[in-house]
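This report refers to the structure that appears directly beneath it.
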Amino acid sequence: MEMSLIALAAITLVYVLFLLKFLTIKKNHGYRNLPSGSLGLPLIGETLSFLHAHKKEQGAEWIDERVARYGPVFKTSLLGTPVVFIMGIAGNRYRLIKRAMLSFLKPESLQNYVKRMDDLVSASLLTEIKEKDSTIKTVSFMKKLTFNVACDILFGIHDEATKEAFLDDFYILFNALGSFPVKFPGSAYSKGLQARARICDRLLPILRKRREALAAGVMCPTDDVVSCLLSLKDENEEPVSEGMVVDNFTILIIASHDTTAVLLSLMVWKLSNDKQIYSEVLKEQMDILRDREARTEGKLTWVDIQKMKFTWQVFSVTHATHMEKDIFSSPTEFDPSRFDKSAKPLPPYAYIPFGAGLHSCIGNEFARIEALTTIHNLVTKFEWSQVHPDETITRKAMPYPSMGLPIKIRPRVTT
C-alpha cells in the first residue's frame, strides 16, 4: 500500500511539473490570433482521441467532427504541440512549403534516371525472390526498396554497408515519430533521438567529402540532392550549414521513402483484391513491355513511364477535399476511372495528392516514376496472391496492411 502511494505521488509530481512547463510555455508565447478549436487537456491535448480515432480507422470522422463544430480551419493540440488544421480548397492552395532542390527533382532532370531506377528495382526483386515460389512481406520489401532507391539516386550513397546502417537507424526514427515526446530512458522518443544522432554522425563525413569534390569540380550540384543542398547559399551568400543539410536529408528520406512504401504496399494490396483493376493494369504494362522488347536496348524509358496512365490512377488518396461528395461522387469507392480526362473536370486545388500550384510537392515526379517502375517490374515479371486474403488496413501512424501484406510470389510464365 505504501509503495502504491509513493508511486502515485511520483506520477502526480511528474504530471504537475509537465503541467507547469506547459502553462509557462503558453504564458510566454501566447496563443493569440488562433482560429476556433480546442487545445484539450494540458500537455496531452487531444492526442488520445486522435490516436484512438486513427486506430479504429476513423481519422476522417475525427476531422469532420471538428470541421462541423469549428469550421474548415481549427486549432487543436497533439503530442504536446499546438496544431492548426486547414481543410478544403483554400487551405490546400497555400499550406505546403517548397524546398530548394527543384533543379534536381524537376522532370527534365529525372528523365536521366529512369533506366537506373529500373535496374535497381529489377535487381531488388530478383534478390528478394530467390526461389520459384517465395513468400515475402510486401511492406518490409517496399520500405527497403524505396530506401535503397532514395539513397542511390537522390543522395548518391551507393555503399551497401552504409545504406544498411542508415536504414536501421531510420527504422528506429520512423517508429519514434508518433511517440510521446518525453525523454525517458528506453522510450521510443529517446531511441529516436539517439538514432538521429547516429545518422548525423554517419552523414557528416559524407557531406565533407562531397563538399570537397564540388570545390574541386569533380562533382556538380545536379549530381544528387546532397550536392544540390551543399551548393545552396543563404541570404548572405554563405553556404548553408551542415546542420541544415542534415535536417533536410532526414526530412527527404522520410518523405521519399516511407510515403512511397505506403503507396506501393496499398497498390499491391488493392491489385490483389480487385481482379478487374489488376487485369487493366496488367494489360497496360504488358503492352509497354512488348514495346520495350521490340526496341534494341529494351530498357524502360521516360516515354514508357508516360504511357502508364491507368496504372497511375490506381493509388490511395487523402481526406479533406478528396472526400467531398460535391466534388467526387461516391468518394469512398475505389474507382481509378474517375481520373480519366473524359471524366467530370475537377475544380482547381480540389485534388492534391502532391499539393498544387506554387506549393506542390517537388518530389511528386520522383515518386511517380518510382511507383510506376516498381509496379511495371512486379506485374510483368511475377504473379502473386495474398497469404491472408482478408487482411485489413491499420495505421502505424500511416495506413499499412495490418499483417505486413505477406504474398506468395512466383515468376510469371510467359507464353
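Points worth noting:
- DSSP-assigned coil residues among trypsin sites (Lys or Arg not before Pro) in the range 120-174, each with at most 16 further Cβ atoms within 10 Å: Lys130, Lys132
- Restricting the range 174-260 to trypsin sites (Lys or Arg not before Pro) in coil, as DSSP defines it, with at most 12 other Cβ within 10 Å: Lys183
- Cα shape, the range 165-272, gyration tensor, a/c 1.5 rule: oblate
- Residues whose amide H falls under 5 Å from that of Ser77, counting only those 5 or more places apart or on a different chain, are Glu46, Val83, with hydrogens built in the peptide plane.
- Tensor-based shape of the range 96-255 (alpha-carbon gyration tensor, a/c under 1.5 rounded, otherwise prolate or oblate): oblate
- Sequence of Met267, Met286 when ordered by accessible area, the most exposed leading, probe 1.4 angstrom: Met286, Met267
- Averaged per residue, the range 188-282 has 47 square angstrom of accessible surface, using a 1.4 angstrom probe with ligands and nucleic acids left out.
- Cα gyration tensor, the range 222-317 - rounded (a/c under 1.5), prolate or oblate: oblate
- Taking all protein chains together, His257, His158 sort by accessible area into His158, His257, largest first [probe 1.4 Å].
- Pairs with C-alpha atoms separated by more than 19 Å, drawn from the list Lys115/Lys381; Lys163/Lys209; Lys275/Lys299; Lys106/Lys209, are Lys275/Lys299; Lys106/Lys209.
- For Val387, the residues 5 or more places off, or on other chains, whose built amide H falls under 5 Å of its own are Ile407, Lys408.
- Across the accessible surface of the range 266-312, with the other protein chains kept in place and a 1.4 Å probe, carbon and sulfur atoms take up 55 percent.
The values are calculated or read from the model by the stated rules, or taken from the named source; none is laboratory data. Remember, predicted model here, so these are calculated numbers, not experimental data. Counting neighbours? That spans all protein chains shown, and the Cβs are built from the backbone with ideal geometry, glycine included. To get the accessible areas, we keep the full protein, side chains included, count just its heavy atoms, and leave off ligands, DNA and RNA. Shrake-Rupley method; radii C 1.70, N 1.55, O 1.52, S 1.80 Å.
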